[in-house]
1. Under 7 Å between Cβ atoms, at least 6 apart or on separate chains: pull out the pairs that start in the range 164-184 with a residue that is within 26 Å of GLU26 (Cβ to Cβ) and end on any residue that is among the polar types (S, T, N, Q).
2. Return a yes/no flag: does the range 43-64 have any residue that is in contact with a strand residue (DSSP E or B) (Cβ under 6 Å, 6 or more places away or on another chain), in a helix (DSSP H, G or I) and aliphatic (A, V, I, L, M).
3. Can you tell me how many residues in the range 33-52 are more than 18 Å from ILE181 (Cβ to Cβ), surrounded by fewer than 13 Cβ atoms within 10 Å (Cβ to Cβ) and not small (Gly, Ala, Ser)?
4. Between ALA24, ALA79, ALA38, which is within 26 Å of ASP101 (Cβ to Cβ) and at pLDDT 95 or above?
5. Any residue in the range 9-32 that is among the β-branched types (Val, Ile, Thr), in contact (Cβ under 8 Å) with a residue 24 or more places away in the chain and either farther than 17 Å from PRO113 by Cβ or surrounded by 12 or more Cβ atoms within 10 Å (Cβ to Cβ) (or both)?
6. Looking only at residues in the range 53-84 that are touching a Gly at 6+ places or on another chain (Cβ under 9 Å) and within 22 Å of ARG185 (Cα to Cα), which one is surrounded by the fewest Cβ atoms within 10 Å (Cβ to Cβ)?
Amino acid sequence: MDTVPYAAKAQLRRQMRLTRLALATEREAASREAAERAPSALWMGVRVVAGYLAMPDEMDPAPLLDRVAADGAVLVLPAVVARGEPLVFRRAVATCDLRPDAAGIPAPPPGAPEATPDLVIAPLLAFDRAGARLGQGGGYYDRTLRALRASGHVMVVGLAFAAQEVERAPTGPLDERLDAILTERAYIEVEKG
């Protein structure tokens, strides 16, 4: 096992958690600005869009998801069903219907209808312009995106504060890249190559 990427990731996670925490007071305005910057072509013709419930210091996808839902897409939220397994996506009608999943995170309950997303709005701690994404470290999104991509096309957009951008995010062989990044300052398409 190569410990250099692990150590680099751990150090960057600590740093970016502090960065994100410092920006938490700007979250509401920044989340609205990011939603306004999102090109509507991103979700036109998309049937199912996966969002997430933001932690208090994360960019909140709710304003963006409101725009997406207004255009008719079905919204789903992730749920952890077992440690080390990909996420499942379930419909949530109201936040009062959420229950702790296997990781203790509020999610739609097991009886909620599941759906496979065509577009995933993904949380993150850090990103770079090449599409590298540094998450919380559990690997849930990487496993999930790998499985979704293996079964068909899915567009993955990272949602973050602009200050979460780094020159080069450390990655390993199991890390999945973003197709685009949305911040309060820009919508950035990742060049394929």
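1. GLN164/THR19
2. no
3. 1
4. Values: ALA24 fails: at pLDDT 95 or above; ALA38 fails: within 26 Å of ASP101 (Cβ to Cβ).
Matching residue, one of ALA24, ALA79, ALA38: ALA79.
5. Checking the range 9-32: at least one residue is among the β-branched types (Val, Ile, Thr), in contact (Cβ under 8 Å) with a residue 24 or more places away in the chain and either farther than 17 Å from PRO113 by Cβ or surrounded by 12 or more Cβ atoms within 10 Å (Cβ to Cβ) (or both).
6. Going residue by residue through the range 53-84, those that are touching a Gly at 6+ places or on another chain (Cβ under 9 Å) are 61-62, 64-65, 68, 75-78, 80, 83-84.
Of the ones still in play, those that are also within 22 Å of ARG185 (Cα to Cα) are 61-62, 64-65, 68.
Numbers: PRO61: 26, ALA62: 16, LEU64: 25, LEU65: 20, VAL68: 23.
So the residue we want is ALA62.
One line per residue, one yes/no per condition, for (1) in contact with a strand residue (DSSP E or B) (Cβ under 8 Å, 6 or more places away or on another chain); (2) modelled with pLDDT under 95; (3) over 27 Å from PHE161 (Cβ atoms):
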{"position": "VAL88", "(1), (2), (3)": "yes, no, yes"}
{"position": "ALA94", "(1), (2), (3)": "no, yes, yes"}
{"position": "ASP97", "(1), (2), (3)": "no, yes, yes"}
{"position": "ALA103", "(1), (2), (3)": "no, yes, no"}
{"position": "GLY111", "(1), (2), (3)": "no, yes, yes"}
{"position": "PRO123", "(1), (2), (3)": "yes, no, no"}
{"position": "ARG129", "(1), (2), (3)": "yes, no, no"}
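The values are calculated or read from the model by the stated rules, or taken from the named source; none is laboratory data. These figures come from a predicted structure and were not determined experimentally. Positions of Cβ are backbone-derived with ideal geometry, glycine not excepted, and every protein chain shown enters the neighbour counts.
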